[in-house]
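> What follows is a structure written as structure tokens; I'll ask about it next.
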Amino acid sequence: MSSGLRRFPAYLRDIQEEIEGHARGYGLDFFPILYEVLDYKTMNEVAAYGGFPTRYPHWRFGMDYEQLSKSYEWGLSKIYEMVINTNPAYAYLLEGNSTVDQKIVMAHVAGHVDFFKNNYFFSKTNRKMIDGMANHAALVRRHMARHGQDAVEEFIDTCLSLENLIDPMSPFIVRKREAKDADDAGEGDDVPRLRAKQYMDKYINPPEYLEAQKKRRDDEKRRARRRFPEEPQRDVLAFLVQHAPLDDWQRDLLEIIRAEAYYFAPQAMTKIMNEGWASYWHSTILTEKALTSAEIIDYADACSGVLATSPGQLNPYKLGIELFRNIEDRWNKGRFGKEWEDCDSMDAKRDWDRRLGLGRRKIFEVRKLYNDITFIDEFFTLEFAVEQKFYAFGFSERSGNWEIMSREFKKVKETMLRQLTNRGQPFIHVEDGNFENRSELLLRHQHEGVDLDMGQARDTLRNLYKVWSRPVSLLTRIEGKGKILRCDDTTITEKSAEYV
């Protein structure tokens with residue numbers, strides 16, 4: 001990376017102290033924030049690395065850099081801010097930005113870092129990931145020196161194509177009870193018995209019946225132990241790390257891709273909330289505290305571009321900030337609860353104001369406990385959709401354009417939730433690591449009403465074959481019928497199967 005760092009000027013330090021003082025006064029609680037000023041070239045390099053100063057060597061980072069550089073040079077886009085979820089948090093300012101732009105960025109970053117620190121879905125992330133990324137880079141370079149750049153890059157390509165096959169909720173779930181010593185020293189060996197007086201026990205609980213029940217239970221336990229895995233496993237990458245016949249260097253690379261996928265997963269799960277929260281606070285801090293009268297027009301001009309909505313696209317900044325403002329207004333006026341829901345009078349609802357003043361407290365609660373799915377599901381109401389003119393968009397093959405497909409609230413909300421569920425990715429589980437007793441891998445697609453993209457499914461099976469080194473099958477439903485896709489090297493076959 002080029003040496004594009006600039007010494008942090010004193011006037012920016014003064015602005016930072018002022019902005020962060022206002023932010024704390026509003027109740028924001030964030031990690032220490034360390035800023036660096038970058039020229040546009042270095043900013044694009046850091047952006048290509050996902051905000052980190054260094055990453056493992058791979059061609060995709062160079063491709064991302066070229067795309068960002070050309071987009072900036074042609075005036076199509078400009079990076080205003082980047083911030084990393086670490087403790088302390090690192091953020092970047094673009095050299096040459098106006099004072100107003102720098103104020104916007106600093107207030108926005110304070111909102112982001114408050115969200116990183118306090119939102120539940122970021123609570124399990126690695127707060128020292130800058131060191132983690134550097135360690136990953138050093139390890140990949142060592143493997144490249146030993147096994148060759150082409151071999152390592154090719155395997156990284158394969159791993160990256162599978163990086164969405166994780167379970168973002170697994171850090172928060174205890175899936176298996178800890179094994180108990182010797183089955184609790186014999187506890188639980190007895191099968192359930194019916195209560196009976198002692199002289200009636202042999203009639204109510206015949207010994208031969210109890211013995212048959214115990215034998216059946218033991219057989220079930222043995223079958224469960226033979227199952228591999230015992231229960232369907234959603235974290236496909238973890239299963240491959242543990243059980244795929246990989247060389248040590250390949251296992252290292254797969255673990256790196258998995259660790260980084262989990263680090264970035266909460267950001268995908270909270271994109272609308274995170275950007276909405278940061279936008280809400282930069283708007284509040286600047287318009288109420290930090291801007292001079294001479295800076296208002298420049299601020300409005302900058303924000304109008306960020307919050308603009310393009311046809312056929314969802315702007316997370318716009319949706320997020322408007323939902324937070326709507327929640328604050330509703331809880332200030334008492335527009336929630338059973339009495340509000342049961343009111344059928346539009347006139348009464350229009351004038352409804354209980355003057356509760358609970359809005360600010362409510363949005364801090366939402367910031368702490370929700371992700372995008374629960375946020376939209378609970379707070380994207382009919383009144384909000386009408387007020388914000390939300391429609392369901394889709395691509396029309398007839399006209400070749402994005403068009404409004406529906407104005408019906410239920411369909412609009414369902415479309416949004418479907419796009420957000422599992423980050424828009426299908427649910428895939430490991431069903432059997434010894435399919436048909438041939439050491440083959442069987443995956444199951446949890447069908448949620450939308451068929452798989454068959455082109456992507458076939459590419460994924462080919463890359464899974466490279467990792468598993470044995471045939472890989474996928475059970476799914478296509479046009480309402482159960483199907484099994486089987487990949488044997490480069491050959492993919494399809495046959496009917498029962499899908500329960």
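No lab work stands behind these numbers, since they all come straight from the coordinates. Keep in mind the model is a prediction, meaning the values are calculated, not measured. For neighbour counting, all protein chains shown are included, and Cβ atoms are generated from backbone atoms with ideal geometry for every residue, glycine included.
> Per-residue HN-Hα couplings for segment 343-354, Karplus 6.51 cos²θ - 1.76 cosθ + 1.60 at θ = phi - 60°, whole Hz, x for Gly and Pro?
Couplings: 6, 9, 8, 5, 5, 5, 5, 5, 9, 5, 7, 8 Hz.
> In addition: Could you please state, rounded to a whole Å, how far the C-alpha centre of segment 469-500 is from the C-alpha centre of segment 109-148?
That distance is 36 Å.
> Here's a follow-up. Could you name the lysines in cross-link range of Lys70, using Cα to Cα under 19 Å and dropping any fewer than eight places away on the same chain?
The reachable lysines, counting only those whose Cα sits under 19 Å from Lys70, are Lys41, Lys78.
> Going by the alpha-carbon gyration tensor, a ≥ b ≥ c the square roots of its eigenvalues, is segment 209-344 rounded (a/c under 1.5) or, if a/c is not under 1.5, prolate (a/b greater than b/c) versus oblate?
Values: a/c = 4.43, a/b = 1.86, b/c = 2.37.
Oblate is the answer for segment 209-344, as a/c is 1.5 or above yet b/c matches or exceeds a/b.
> Where in segment 1-104 are there chymotrypsin sites (Phe, Trp or Tyr not before Pro) that are in a DSSP coil and have at most 14 other Cβ atoms within 10 angstrom of their Cβ? Intermediate results must be reported in sequence, preceding the final value.
Working: sites: Tyr11, Tyr26, Phe30, Tyr35, Tyr40, Tyr49, Trp59, Phe61, Tyr65, Tyr72, Trp74, Tyr80, Tyr90, Tyr92; in loops: Tyr26, Phe30, Tyr49, Trp74, Tyr80.
Sites meeting the loop and neighbour criteria: Trp74.
> Any aspartates and glutamates with Cα under 14 Å of the Lys289 Cα? List them, leaving off those in the same chain fewer than 8 positions away.
Candidates past the 8-residue exclusion: Glu17, Glu18, Glu20.
> Which Cα, out of Leu417, His447, Asn437, lies furthest along the positive dipole direction of segment 404-449 (beta carbon charges, K/R +1, D/E -1)?
Leu417
> Roughly speaking, what is the centre-to-centre gap between segment 277-326 and segment 238-273 when only Cα atoms are used, to the nearest Å?
The distance from the Cα centre of segment 277-326 to that of segment 238-273 comes to 35 Å.
> Charges at C-beta only: +1 for Lys and Arg, -1 for Asp and Glu. How large is the resulting dipole of the chain about its Cα centre, in Debye rounded to 20?
1100 debye
> Rounded to the nearest Å, what's the spacing between the alpha carbon centres of segment 48-89 and segment 328-348? Just the number, please.
45 Å
> Oh, and also: Using the scaling law 2.2 N^0.38 Å as the reference, what is the normalised Cα Rg of segment 225-273?
Normalised Cα radius of gyration, segment 225-273: 1.44.
> Then there's this: Where q = 0.13, 0.15, 0.21, 0.24 Å⁻¹, what log10 of I(q)/I(0) comes from the Debye formula for segment 426-496, counting one point per Cα?
With one equal scatterer per Cα and no solvent, log10 I(q)/I(0) is -0.32, -0.42, -0.85, -1.10.
> Could you give the dipole magnitude of segment 428-470 about its Cα centre, charging the beta-carbon of Lys and Arg +1 and that of Asp and Glu -1, in debye to the nearest 20? If you can, show how the numbers build up before the last one.
Numbers: 6 positive and 8 negative charges, 58 e Å.
Roughly 280 debye, rounded to the nearest 20.
> Once you sort the root eigenvalues of the Cα gyration tensor of segment 50-153 as a ≥ b ≥ c, which label holds: rounded (a/c under 1.5), prolate (a/b larger than b/c) or oblate (the other case)? Please report the intermediate quantities before stating the final value.
Values: a/c = 2.96, a/b = 1.33, b/c = 2.23.
Oblate, because a/c is 1.5 or more while a/b does not exceed b/c.
> Right, next: Report, to the nearest 10°, how far helix 454-468 tilts away from the longest principal axis of the Cα atoms in the chain, using its own Cα long axis and a range of 0 to 90°.
It works out to around 60 degrees.
> Round to the nearest 10 and give me the degree value, 0 to 90, for the angle of helix 149-160's Cα axis relative to the longest principal axis of the chain.
80 degrees
> Okay, next question. Using the number of other C-beta atoms within 10 angstrom as an exposure proxy, rank Ser98, Ser279, Ser345 with the fewest first.
Ser345, Ser98, Ser279
> What are the trypsin sites (Lys or Arg not before Pro) within segment 1-71 that DSSP puts in a loop, where the Cβ has at most 11 other Cβ atoms within 10 Å?
Passing both the DSSP loop test and the Cβ count: Arg7.
> In addition: Taking a 26 Å limit on the Cα-Cα distance, which of the listed pairs Lys271/Lys362; Lys338/Lys368; Lys368/Lys411; Lys128/Lys368; Lys271/Lys368; Lys413/Lys483 fall beyond it?
Numbers: Lys271/Lys362 19 Å; Lys338/Lys368 24 Å; Lys368/Lys411 28 Å; Lys128/Lys368 21 Å; Lys271/Lys368 14 Å; Lys413/Lys483 30 Å.
Lys368/Lys411; Lys413/Lys483, as the Cα separations exceed 26 Å there.
> For the chain, compute Rh as the Kirkwood radius over C-alpha pairs and then the Stokes-Einstein diffusion coefficient at 4 °C and 1.567 mPa s; write the answer in µm²/s, rounded to an integer. It would help to have the intermediate numbers written out before the result.
Details: Rh = 26.8 Å.
Translational diffusion coefficient: 48 µm²/s.
> Can you list the aspartates and glutamates whose alpha carbon sits under 13 Å from that of Lys389, skipping same-chain ones fewer than 8 residues off?
Those aspartates and glutamates meeting the cut-off are Glu322, Glu408.
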